[in-house]
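The values are calculated or read from the model by the stated rules, or taken from the named source; none is laboratory data. For clarity, every value in this text was computed on a predicted model and none was experimentally measured. Here the Cβ positions follow ideal geometry from the backbone for every residue, glycine too, while neighbour counts run over all protein chains shown. Quick note on the areas: whole protein, heavy atoms, side chains included, nothing else; ligands and nucleic acids left out. Shrake-Rupley method; radii C 1.70, N 1.55, O 1.52, S 1.80 Å.
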Amino acid sequence: MMPDPPPGARILIVEDEPEFADLLALWVERHGWRQRVAHDGAEAVVSFEAEEPDLVLLDLSLPRLNGWQVIERIRATSLVPILLVTARDAEQDKIRGLGAGADDYMTKPLSFPELMARIEAVLRRANARAVAIAGDELRHPGLVIDGRGHRVTAGDREVHLTPTEYRLLRHLAERPESVVGHTDLLTAVWGAGYGDDLHLLRVTMRNLRAKLAEAAPTRRFIATSYGVGYRFRGGEEAAGDA
Ligand code: CA
């Protein structure tokens, strides 16, 4: 059971098109959340630091600081959920956004009800994380997943994962040697309504694997079951055949 999202969550809307920003603000308020609009990247950073919102809705192409720079500034101090809302639908932009630490993305033109559902899902996950019992640690050969600080160590090195990458790794590592199907994984990590979003799963998996491989180049912790899903390789199987 996921807890409800916090009532009156505060959402920072970062959008330079005034009319679209107004629409977003209207929809957000209608859902009982509080909102604040920043019209460029620099304003977004100032507003973020002053207000510590519960979620950031972020456009990528912005004046002053662009969206990636905003993610970088925010991620330097905070794990706040970041949802990209962007006109760019180029593959590379999404990959770069998720790699920089965004949790999810939607491409314009978008469905407002779907965007609201995604905000709710992201808030719920963040809230679940906040109330999770601290101190649960998962150990596999060469990999330690610390539930308390959401820290991961691969080989002897600390791996800096986004909250979504962390959940993905944790979900698999809690079920070693089991193939977890795409839909189950998407639903468990992102929430109901995400079961079909294979692209989101693949991009996040690619980033997660790259980070693990950078820390522990001789190991391969996650195996692909083609067309089915992924499997965490426990024990010594993960060693030696990267
Ligand atoms: Ca824009």
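Points worth noting:
- Values of log10 I(q)/I(0), in the order q = 0.18, 0.21, 0.26 Å⁻¹, for the stretch 144-226 under a Debye, Cα-only, solvent-free model: -0.75, -1.02, -1.47
- Mean separation of Cα contacts under 8 Å, 6 or more apart, over the residue count of the stretch 144-184: relative contact order %: 23
- Accessible area per residue in Å² at 1.4 Å probe, computed on the chain: 47
- Whether the stretch 1-70 is rounded, prolate or oblate, judged on the alpha carbon gyration tensor where a/c under 1.5 counts as rounded: prolate
- Based on alpha-carbon atoms, the Kirkwood radius and the radius of gyration of the chain give Rg/Rh equal to 0.97.
- Between Leu23 and Arg206, the FRET efficiency from the beta-carbon distance, with R0 = 25 Å, is close to 0.15.
- Spacing of the two label points (7 Å from each Cα toward its C-beta) at Glu49 and Ser111, in nm: 4.0
- Under-5 Å amide H pairs with Arg151, H placed in peptide plane, nonlocal only: Asp146
- The chain, relative contact order [Cα under 8 Å, separation at least 6], %: 14
- Antiparallel bridges, percent of DSSP beta bridges restricted to the chain (to nearest 5): 55
- Volume of the Cα convex hull of the stretch 10-131, divided per residue and given in Å³: 94
- Computed label-point distance, nm, for sites His160 and Asp196 using a 7 Å Cα→Cβ extension: 3.6
- Between Arg34 and Thr218, the contour length at 0.36 nm per residue exceeds the Cα-Cα span by 61.5 nm.
- For the stretch 156-242, the relative contact order works out to 36 percent when only alpha carbon pairs closer than 8 Å and six or more residues apart are counted.
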